[in-house]
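A.B. asks: Have a look at this one before I ask anything.
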Amino acid sequence: MSSKIRDYNKLAVDILNELGGENNIVTVARCTTRLRIVTQKTPDQAKEAIAKMPGVITVVEKGGQIQIVIGTNVEKVYNAFIQLINTDNKIAKNAQSGILNRVIATMSAVFAPFVYVLAASGILQGILILIKLAFPEFEATGTCQVFNFISWAPFAFLPIFIAITASQHFRCNIYIAVACCAALLSPTWAELAAMIKAGQEINLFGLALSETTYTSTVLPPLFLVWLLSYLERFLEPRLHSIIKPLVMPLICLVIMVPLTLVAIGPITAGAAHYIASGYNWIVNLAPSIAGGMIGAVWQVFVIFGVHWGITPVIIENINQYGQDSFQAYQTIAVIGQVGAALGFYIKTRSKDMKGVSLSAFVTGLFGITEPAIYGVNLRFKRPFIYGCICGALGGIAAGFFTPYYYTYAALPGPLTIVNAISADHPGSFIGVLIGSAIALFGPVILIQIFGTNETQQSNATTENEASNIENDTPKIVIGEIDVTSPMIGKALPLSEVPDPAFSQKLMGEGIAIEPTDNNVYAPYDGEVTAVFEASKHAIGLVLDNGVELLIHVGIDTVNLTNNEFQYHVKLNQKVKKGDRLISFDPQAIKQAGYPLITPIIIINTDQYQVITLTEKTEVNLDDNIFEIKQ
């Protein structure tokens, strides 16, 4: 067990040593609970070694980052860590390296906020496919036509979604970005492009325009907004504040839209087309080999956070050809991990793990595999391997039928296999169905025969958990403790939080609240022990009754630094129950594409025998959300 006062300096030194020393560090940052480090190369076994260190809860490699989950004391580790490295060298290396990591991070930041909208549209298209199969006459009805254009609307106006999220990522004016991308979708430009395609030459400043159209495109609006951010930063100090609100959008519109029509659009759209064509050539040459490879490694890509990089290729395929094979194989890979979670649920005798694995299985039905991967399959290793093996076998089997998806699924999984249905190519659906069956039931059978690997892992886990108990705050023994809600809103279980560190209770037991107010209040007398000055999105408290709380407003809101949050207290300040801690702008947070769901975590969960969560669905400030027994 760790000492009474944890040595954060030693932990920082140990982490740096395992990661190969100062020269291997590209960037280091932190959020509420995690130390986020980018390295030039991750040394072998570094993740496993760091995960076993006292004070480290878990380690996740995601989006080109090594994310070391520490808890609310992450600031102490971060401060110690940056003292060990040369900040100037770190910034210089960051400007010259890590291009792939930045590309992946950009794709994630752009698509993640609205991926569920695309997923909902894909499911609606799948439902329409099923209805038309059952009732062929339905296709000619006005009802079908209305819901059909509703389902395709997010794809047709995809550049608008990209303008919103990309402007947040590149930190430029969201309204100017939307205006520029909206111009690309103008019906007038569609008419002009059709005339060019028919053979008529149309010039802009003497330069011939391309026939490229921009509905459902990805790269043209993305590059437009990226270059727009540089233009805005160039103009910002050069325009007088009196004329800036009008002149800034005027200059941006008259420069960026023509530049996109003449150069950015044709070049990037052409690049996307050729990349998609290259992928299709490989798949057509050896579909079963391609299916086996995608089925085997796709979920590995998810772990590394590089899975967003394929999105432009998939959308380009749907846009240009009306079909895409990648998502057909991608679905089978996803179902492999869903099957592994199901097999684990059937096999395990642990009541707690039955709950975790069942929740992960249900979530996986909707194409979301992170809970299954991080909560179950990777944790015990063997289920993850079985899922990858059966995903590969399913992909190979499906490849014999050359399957395709005919609509974009966004979150491919068991519920989206109907997107493979086509009257012109019935074998497509048959192939996906066979491959999915292998991927789903294969891991279930393998786990029943060879086991879950729980015995070996549980021994190591017990030792790690014993060494990871935080003892910085003395335990105050009180028979029963009630903690009231710090927010007004809808109470949700942690399993519904879209972040594995919270949903799998890696940080501790707790509850989540979807706020209907814009304030966070002290739920009990105590002291502020953690603040996050850059974003102000979260706060750590030690209550006078001994409970250590983390209140984390929103998910991934550490990325917001434009005054969306405001502190009303300071670090180490004593607070009374009902004191306002944080206020925030819900509209700005939602417009930035981040969910407002707020995890409220008991960091020192291990110190208590029983923690009972409220059964209320709506909570006010005087309602108890925790009943705790020592």
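A.B. asks: Can you find a residue that is of a type in the set (S, T, Y) and either farther than 19 Å from P258 by Cβ or open to solvent by 50 Å² or more (accessible area, probe 1.4 Å) (or both) anywhere in the range 145-156?
C.D. replies: The answer is yes; a qualifying residue exists.
A.B. asks: On to the next question. Under 8 Å between Cβ atoms, at least 6 apart or on separate chains: pull out the pairs that start in the range 4-26 with a residue that is under 15 Å from E75 (Cβ atoms) and assigned to a helix (DSSP H, G or I) and end on any residue that is open to solvent by less than 50 Å² (accessible area, probe 1.4 Å) and modelled with pLDDT under 80.
C.D. replies: Y8/G55; Y8/N73; L11/G55
A.B. asks: State whether the residues of the range 563-576 include one that is touching a Phe, Trp or Tyr at 6+ places or on another chain (Cβ under 8 Å), open to solvent by 10 Å² or more (accessible area, probe 1.4 Å), among the basic types (K, R) and assigned to a loop (DSSP other than H, G, I, E, B).
C.D. replies: For the range 563-576, residues touching a Phe, Trp or Tyr at 6+ places or on another chain (Cβ under 8 Å), open to solvent by 10 Å² or more (accessible area, probe 1.4 Å), among the basic types (K, R) and assigned to a loop (DSSP other than H, G, I, E, B): absent.
A.B. asks: Something else about it: Among the residues of the range 49-72, is there at least one that is under 28 Å from L550 (Cβ atoms), at pLDDT 85 or above and part of a loop (DSSP other than H, G, I, E, B)?
C.D. replies: Yes, the range 49-72 contains a residue that is under 28 Å from L550 (Cβ atoms), at pLDDT 85 or above and part of a loop (DSSP other than H, G, I, E, B).
A.B. asks: Please go through (1) farther than 21 Å from L118 by Cβ; (2) in a helix (DSSP H, G or I) for P371 and return the number of the only condition it doesn't satisfy.
C.D. replies: (1)
A.B. asks: Then there is this: When T612 is evaluated against the numbered criteria (1) of a type in the set (V, I, T); (2) modelled with pLDDT of 90 or more; (3) open to solvent by 40 Å² or more (accessible area, probe 1.4 Å), which criterion, by number, is the only one it fails?
C.D. replies: Checking T612 against (1) of a type in the set (V, I, T); (2) modelled with pLDDT of 90 or more; (3) open to solvent by 40 Å² or more (accessible area, probe 1.4 Å), the one that fails is (2).
A.B. asks: Yes or no: the range 389-409 includes at least one residue that is open to solvent by less than 20 Å² (accessible area, probe 1.4 Å), at positive phi, touching a helix residue (DSSP H, G or I) at 6+ places or on another chain (Cβ under 6 Å) and in contact (Cβ under 8 Å) with a residue 60 or more places away in the chain.
C.D. replies: Checking the range 389-409: not a single residue is open to solvent by less than 20 Å² (accessible area, probe 1.4 Å), at positive phi, touching a helix residue (DSSP H, G or I) at 6+ places or on another chain (Cβ under 6 Å) and in contact (Cβ under 8 Å) with a residue 60 or more places away in the chain.
A.B. asks: Let me confirm something: among L246, L261, L239, which residue is among the aliphatic types (A, V, I, L, M) and in contact (Cβ under 8 Å) with a residue 12 or more places away in the chain?
C.D. replies: After ruling out the rest, the residue left standing is L261.
A.B. asks: If you don't mind, another one. Run down I417, I421, I449 and say which single residue is hydrophobic (A, V, I, L, M, F, W, C), out of contact with any helix residue (DSSP H, G or I) (no Cβ under 9 Å at 6 or more places or on another chain), over 17 Å from M293 (Cα atoms) and open to solvent by 10 Å² or more (accessible area, probe 1.4 Å).
C.D. replies: Answer to the check: I449.
A.B. asks: Which residues, taken from the range 320-335, are within 9 Å of G391 (Cβ to Cβ) and within 20 Å of the chain's Cα centre (by Cα)?
C.D. replies: A333, V334, I335
A.B. asks: Here's another thing I want to ask about it. Is it true that some residue in the range 306-321 is under 18 Å from C181 (Cα atoms), part of a helix (DSSP H, G or I), in contact (Cβ under 8 Å) with a residue 60 or more places away in the chain and open to solvent by 30 Å² or more (accessible area, probe 1.4 Å)?
C.D. replies: yes
The values are calculated or read from the model by the stated rules, or taken from the named source; none is laboratory data. Model, not experiment: these values are computed from the prediction. Cβ: placed from backbone, ideal geometry, glycine included. Neighbour counts: every protein chain shown. Surface areas here come from the heavy atoms of the whole protein model, side chains and all, with no ligands, DNA or RNA. Shrake-Rupley method; radii C 1.70, N 1.55, O 1.52, S 1.80 Å.
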